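For reference, the structure is listed below as structure tokens.
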Amino acid sequence: MSDRPASARAFAPASVGNIGVGFDVLGHVIDGPRDVAHVRRIDTPEVRIDSIGGAVEGADRLPLAAADNTAGRALQSLRAALSLPFGFALTLEKGIPLGSGLGGSAASCVAALVAANALLDAPLSREALYPFALDGESVASGARHGDNVAPMLLGAVTLSTADRLIALDVPDWLFAVVVHPDQVLETRRSRAVLADPYALHDVVNHTTHLALFLTGLQRGDRDLIRAGLHDVLVEPRRAPLIPGFAAVKAAALAHGALGASISGGGPSVFAWFDSREAAERAAPAMRAGFTGAGIEAQAYVSPVAGPRADLLDGDAA
């Protein structure tokens, strides 16, 4: 007889996918919006989504069919891999806006996995949950990339590949401003503009920036982070999809940002700063970049080393 609980609730935080220079492989979480999953262990060997709610516009239109939902698909993958004789009933509370570039689709599946993991007779490590999170994320984006789910599982900043996720060193003085405009930009549309090939010299230039950025993180070197945080591949193609982007980025740089770019697939925009004070001074000006274009926006200030997904009302699994 199992002594595991019959139900569990977990949250997953919003994230900044790509961090500009790390398309599909780098990401970090923020202390801001979050999704919450309530998972119950049920006798029938199935995954069932009972309801999806929350204050997020459009949450009631998300699919309840498990195979078509990122959280449902992740739990189906978990069940199949472990040959579980029982199933899960799931309720989602959406707190991350849809199509925001803040990892909302990833957050739902990670929150569901963390909650379901607490109900297993032998809970898995965060690393072992990763492939199931990738399965879930693929429902929304059409690709198995870990730049959102990996930092949600581990917290802070991660490097992710197809089969591993790696926590990266993050100086405690790094803070982010993330500005979410009242726009929706679907992930599939933002990926479609990247279909054409890139010139080799652009790839080399981008790789140089990535190397500088990663070295700067590892050494805690502001100058190297600033030198590396320039996206010369993805940002130029996606920026035209985001009205107000140029003004938001310019405001961030004018206020001393180490760098700024598009969060995930957009339309949210992020910037990194070398202190909380600098980030808080910049946040209103960055938000004004969108409001000046007639678009309402919300700004969040967070440590770059944001929280990982975890259980609510109980001990972390």
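The table below lists the values:
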{"item": "Signed unit charges on C-beta, dipole axis of the chain, positive-most listed residue 64, 42, 303", "result": "64"}
{"item": "Segment 207-317, accessible surface, carbon-and-sulfur percent (1.4 angstrom probe)", "result": "52"}
{"item": "Where labels lie 7 Å past Cα in the beta-carbon direction, separation of residue 281 and residue 246 in nm", "result": "2.6"}
{"item": "Residue-wise HN-Hα coupling along segment 35-41, computed from phi with Karplus coefficients 6.51, -1.76, 1.60 (Hz; x: Gly, Pro)", "result": "9, 10, 10, 10, 10, 10, 7"}
{"item": "Note, ³J(HN,Hα) from phi for segment 144-153, Karplus 6.51, -1.76, 1.60, rounded to Hz, x at Gly and Pro", "result": "9, 10, x, 5, 9, 5, 5, x, 5, 6"}
{"item": "Carbon and sulfur %, accessible surface of segment 1-136 computed with the full protein complex present, 1.4 Å", "result": "51"}
{"item": "The chain, helix-only ellipticity at 222 nm - DSSP H runs n ≥ 4, -39,500 (n - 2.57), divided by all residues, nearest 500", "result": "-11000 deg cm²/dmol"}
{"item": "GNM result for the chain, Cα springs below 10 Å: residue of 194, 82, 159 fluctuating most strongly", "result": "82"}
{"item": "Given charges at beta-carbon only (K, R positive; D, E negative), |dipole| of the chain in Debye", "result": "280"}
{"item": "Answer label for Kirkwood radius over Cα pairs in Å (calculated), chosen among (1) 22.5; (2) 21.7; (3) 19.5", "result": "(3)"}
{"item": "Additional length obtainable on full extension of the chain from residue 161 to residue 46, 0.36 nm per residue less Cα span", "result": "38.4 nm"}
{"item": "Charge dipole (debye, nearest 20) of segment 233-317; +1 at Cβ of Lys and Arg, -1 at Cβ of Asp and Glu", "result": "440"}
{"item": "Rounded to the nearest 10 Å², the accessible area of residue 300 at probe 1.4 Å", "result": "60"}
{"item": "For the chain, with +1 on Lys and Arg beta carbons and -1 on Asp and Glu, the positive-most of 251, 75, 132 along the dipole", "result": "251"}
{"item": "DSSP-defined antiparallel bridges as percent of all bridges, the chain, nearest 5", "result": "85"}
{"item": "C-alpha center-to-center spacing [segment 249-267, segment 179-221] in angstrom", "result": "12"}
{"item": "Per residue, in Å², the accessible surface of the chain once ligands and nucleic acids are set aside, probe 1.4 Å", "result": "40"}
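The values are calculated or read from the model by the stated rules, or taken from the named source; none is laboratory data. This structure is a prediction, so every number in the text was calculated from the model and none was measured. Glycine gets a Cβ as well: all are built from the backbone with ideal geometry, and neighbour counts include every protein chain shown. Heads up: the accessible areas ignore ligands, DNA and RNA and are worked out on the full protein's heavy atoms, side chains in. Shrake-Rupley method; radii C 1.70, N 1.55, O 1.52, S 1.80 Å.
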